[in-house]
Amino acid sequence: MENLPLFEYYPPLLKHLPHILLAQFPTPMEHMDSLANRYDTAIYIKRDDLSAMAYGGNKVRKLEFLLGRALSGGAKAVMTFGAAGSNHALATAIYARQTGLQSISMLLPQPNAYSVRKNLLMGFSTGAELHHYENQLQLNLGVIYQMQRHLLRDGRLPHVIPPGGSSPIGTLGFVNAAFELKRQVGEGVFPEPDCLYAASGTMGTVIGLLLGLAASGLRTRVVAVRVTPPPYTTAGRAHALYAMTNKLLHDADPRFPVIPFPENQFELRDDFFPPGYGVFTETIVDAIQCAKAAGITIEGTYTGKAFAALLADAESGALRGKTALFWNTYNSRDFTKEIAHVDYRALPGEFHRYFEEDVQTLDPSDRI
Ligand SMILES: *Cc1c(COP(=O)(O)O)cnc(C)c1O
């Protein structure tokens, strides 16, 4: 039943790394015809936007391992963290409910956007607890309070999932994703990409891919496009997360090699981050429009920045004659029906501002 490529290469991992199936793998790989001619570059897209039926995107790969671990430890609730419109908090809420776990989202302010409104309504409709804090200090106090509350109620503490799901356990989902890519390339339908572009938020995606590529023997270079400030994306965190995830795998199956951080296979790109997390710029909006013309929906906080970096490199001629892969980490499953009848006034009062205040002027996504 378990057909994860990672488990096929390293069967002993199956015994040591609890995992549940939430997604439909492999996700499709497609050629972006309309762009290839314009830039003399073979541009492919990895459709992780279609990774699962209820809600796609990159978080479900991590949650297969994170919720697997929570359930195997007998957890009743999971607590996680993010910005108000966090896709990770929403994905956790959706898949926690599906697996019978209560979900607690501890959220911080972010620039307003239509996607923030949608995610809040959807998260609320799953029955997740949503808590909003003005800053990290208040959130830390909130964690202590909510931990106590759930301990009294459930007789045990909630299982904690870090921001973005980027613990070594969550990162395993993207080590597996690289083995999945290896298999798709091995079937001969796709060439080995020279480089892949992905957004770097909490780094689990890009570091899992990097480790998996190195372990599976693919030479594809990872271009990690910064979308968050330190401490979420830093070179130091990249190395630490890489080493911890590698150790986790090696300890679970000594046949999984210990591989030094492949410096020349990894590039951290900062140029599309300013002016900051969740803020859209003209360049980002252009990239979103370009993707839209090719039939792909992306957004401004993560994928628009990663795709803008790919387009800029194609435009500059740096990718001429090469094969580039865009890893689409954004959910494309439509959930407007599920939220159509949710009234924002039913949410805790701290969230009403996202519905009562304007969204940022450049927000191109669907109105709500
Ligand atoms: C969370 C997220 C990312 C970033 O992934 P990390 O593993 O946190 O770096 C990228 N794109 C989208 C759409 C996301 O929701």
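Given Cα positions, please report Rg to Rh for segment 222-368, the hydrodynamic radius being the Kirkwood one. Provide the component values of the computation, followed by the final result.
Values: Rg = 19.2 Å, Rh = 18.3 Å.
We get a ratio of 1.05 for segment 222-368.
Where the accessible area of the chain is counted over protein heavy atoms with a 1.4 Å probe, how much of it, in %, is carbon and sulfur? Intermediate values should be presented prior to the final figure.
Working: 8040 of 14800 Å².
So the carbon and sulfur contribution to the accessible surface is 54 percent.
In square angstrom, what is the accessible area per residue of segment 190-297 with a 1.4 angstrom probe? List each step's numbers first, then the result.
Working: 4300 Å² over 108 residues.
Accessible area per residue: 40 Å².
To the nearest 20 Debye, how big is the dipole of segment 20-130 about its Cα centre, given +1 on the beta carbon of each Lys and Arg and -1 on that of each Asp and Glu? Each step should come with its number before you reach the end.
Details: 11 positive and 7 negative charges, 65 e Å.
For this selection, approximately 320 debye.
Accessible surface ranking for Tyr242, Tyr302, Tyr9, 1.4 angstrom probe, highest first: Tyr9, Tyr302, Tyr242. Spin-label model, Arg345 to Glu282: label points 7 Å out along the Cα-to-beta-carbon direction sit 4.1 nm apart. Computing FRET efficiency as 1/(1 + (r/R0)^6) for Arg38 and Asp271, where r is the C-beta to C-beta distance and R0 is 35 Å, gives about 0.95.
Available extension along the chain between Arg153 and Thr361 is 70.5 nm, counting 0.36 nm per residue and deducting the alpha carbon span. Computed over segment 154-269, the quotient of the alpha carbon radius of gyration and 2.2 N^0.38 Å is 1.09. Annotation for segment 304-359 versus segment 244-270: alpha-carbon center distance of 29 Å.
So what is Rg over Rh here for segment 12-156, counting just Cα atoms and using Kirkwood for Rh? Here the Rg-to-Rh quotient is 1.06. Given in Å, the Rg to one decimal and the Dmax to the nearest whole number for the Cα atoms of segment 291-356 are 17.8, 54. Remark: segment 182-308 carries a charge dipole of roughly 240 debye about the Cα centre, counting +1 on each Lys and Arg Cβ and -1 on each Asp and Glu Cβ.
At 222 nm, what helix-only mean residue ellipticity would the chain give, in deg cm²/dmol to the nearest 500, using -39500 (n - 2.57) for each DSSP H run of four or more? Could you put the intermediate results ahead of the total?
Numbers: 14 runs with 157 residues, N = 368.
Only helices count here, giving -13000 deg cm²/dmol.
So what does His159 come to for accessible area, using a 1.4 Å probe and Å² rounded to 10? Accessible area of His159: about 50 Å². When both bridge partners sit in the chain, DSSP labels roughly 10% of those beta bridges antiparallel. Accessible area of Tyr344 (1.4 Å probe, protein heavy atoms only, ligands and nucleic acids ignored): about 40 Å².
Beyond 34 Å, what share of the Cα-Cα pairs of the chain remains, rounded to the nearest whole percent?
Tail fraction, whole percent: 23.
Its Kirkwood hydrodynamic radius, worked out from the mean inverse distance over all distinct Cα pairs, puts segment 177-223 at 10.7 Å.
When the charge dipole of the chain is built from unit charges on Cβ atoms (+1 for Lys and Arg, -1 for Asp and Glu) and taken about the Cα centre, the candidate among Leu17, Thr80, Pro191 whose Cα reaches farthest toward its positive end is Leu17.
Considering every pair of different Cα atoms, what Kirkwood radius, in Å, is found for segment 115-199?
On the way: mean 1/r = 0.0590 Å⁻¹.
After inverting the mean inverse Cα-Cα distance, the result is 16.9 Å.
At an R0 of 25 angstrom, the distance between the Cβ atoms of Val160 and His16 translates into a FRET efficiency of 0.75. Taking other residues whose beta carbon is less than 14 angstrom from the beta carbon of Phe174, and scoring Lys, Arg as +1 and Asp, Glu as -1, yields +2. When the surface is traced with a 1.4 Å probe over the full set of protein chains, Ile339 keeps roughly 10 Å² accessible. Between segment 1-58 and segment 145-173, how many Å separate their Cα centres? The two parts, judged by their Cα centres, are 26 Å apart.
The values are calculated or read from the model by the stated rules, or taken from the named source; none is laboratory data. Keep in mind that this is a model prediction, so the values were computed, not measured. Glycine also receives a Cβ, built like all others from the backbone with ideal geometry; neighbour counts cover every protein chain displayed. Remember, those area values only see protein heavy atoms, side chains included, never the ligands or the DNA or RNA. Shrake-Rupley method; radii C 1.70, N 1.55, O 1.52, S 1.80 Å.
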